[in-house]
Amino acid sequence: MIGVLVAADRICLVVAERMAADTLQHSQQLPRRPDVSIDGFPFLTQLAAERFGEIEVRLDDLVVGSGDRTVTLARVHLTLHDVHVFDTFHRATSRSGTATALITYAELSRVVGVPLSYAGSGRIVAQGSVTVAGESVRGTVSAAPTLSGTQLSFAQPQATVAGIGIPGADAALAALLARPIDLSSLPFGLHVDAIDTGAAGVSVTLSAANLSYRR
């Protein structure tokens, strides 16, 4: 008998997770349905109360930003806290949400337009060529990814010119990283709290409060 009840609990959980994922996809206009995990056991007890302590949401390839310059966040992991559901998961509210994501160096390179890699000590390095006084100049520029409001910018640029130096070459190389990356227009009501630069890419920490989703 206990086994039957546990099996029924798990089956209902799978169905509910799919319904919650559908609601989140529809309300946030996501191109794909996210993976949703509802924490806690037994599930049916929480369902009867229409309240859940935490719901985990995972998705990849989340495109954010605006205009013609967007960036893709990978490994997005969102935890919704104190979730109250209505109408069989067609509507939900959450007291708060916390999330993490990653911007890979391959993605940063695509957005910036030059190859980027980790330089250590919280800095990145870009390799590129610029034209100065009619001459093509190659070199590198390192910088520290920094959060400025809703934008990812590159602070404290330090350029190194390959070969014979040309006046203005340092500034031209530094200009490769002059344009910030917009991190606004985020789904789920999230905003960026902090970033951290490491070997895998730029890790992003996000949060939100007083959330409401409707299918």
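Observations, loosely collected:
- Here is the figure for region 58-98: residues that are aliphatic (A, V, I, L, M) and within 16 Å of Gln46 (Cα to Cα) total 4.
- Yes/no for Leu108 being of a type in the set (A, V, I, L, M, F, W, C), under 20 Å from Thr205 (Cβ atoms) and in contact with a strand residue (DSSP E or B) (Cβ under 9 Å, 6 or more places away or on another chain): yes
- Check on Thr79, farther than 17 Å from Leu211 by Cβ and surrounded by 15 or more Cβ atoms within 10 Å (Cβ to Cβ): no
- In region 28-96, counting only strands (runs of 3 or more DSSP E) that sit wholly within it, the ones holding 2 or more residues that are more than 28 Å from Ser109 (Cβ to Cβ) and out of contact with any Cys (no Cβ under 9 Å at 6 or more places or on another chain) span 35-38, 51-59, 69-86.
- Restricting region 110-137 to residues that are among the hydrophobic types (A, V, I, L, M, F, W, C) and within 24 Å of Asp196 (Cβ to Cβ) leaves a set whose member that is surrounded by the most Cβ atoms within 10 Å (Cβ to Cβ) is Leu116.
- Checking each residue of region 139-155 against the condition of being over 30 Å from Val85 (Cα atoms), in contact (Cβ under 8 Å) with a residue 12 or more places away in the chain, under 24 Å from the mean Cα position of the chain (by Cα) and surrounded by fewer than 15 Cβ atoms within 10 Å (Cβ to Cβ) gives at least one match.
- Taking the criterion of being surrounded by 15 or more Cβ atoms within 10 Å (Cβ to Cβ) and either modelled with pLDDT of 90 or more or among the acidic types (Asp, Glu) (or both), the residues of region 34-51 that qualify are Pro34, Val36.
- Region 56-70, subset buried (at least 20 other Cβ atoms within 10 Å of the Cβ) and modelled with pLDDT under 95, residue nearest to Ser96 (Cα to Cα): Leu59
- Note on region 180-212: residues that are in contact with a helix residue (DSSP H, G or I) (Cβ under 8 Å, 6 or more places away or on another chain) and farther than 24 Å from Val57 by Cβ total 0.
- Pair list, Cβ under 7 Å, 6 or more apart: region 61-74 residue within 17 Å of Gly113 (Cα to Cα), other residue modelled with pLDDT of 90 or more and not in a strand (DSSP E or B): Gly65/Leu183; Arg69/Val111; Val71/Glu107; Val71/Val111; Thr72/Glu107
The values are calculated or read from the model by the stated rules, or taken from the named source; none is laboratory data. Being a predicted model, the structure only gives us computed values, none of them experimental. Neighbour counts are summed over all protein chains in view; Cβ atoms, including those assigned to glycine, are modelled from backbone coordinates with ideal geometry.
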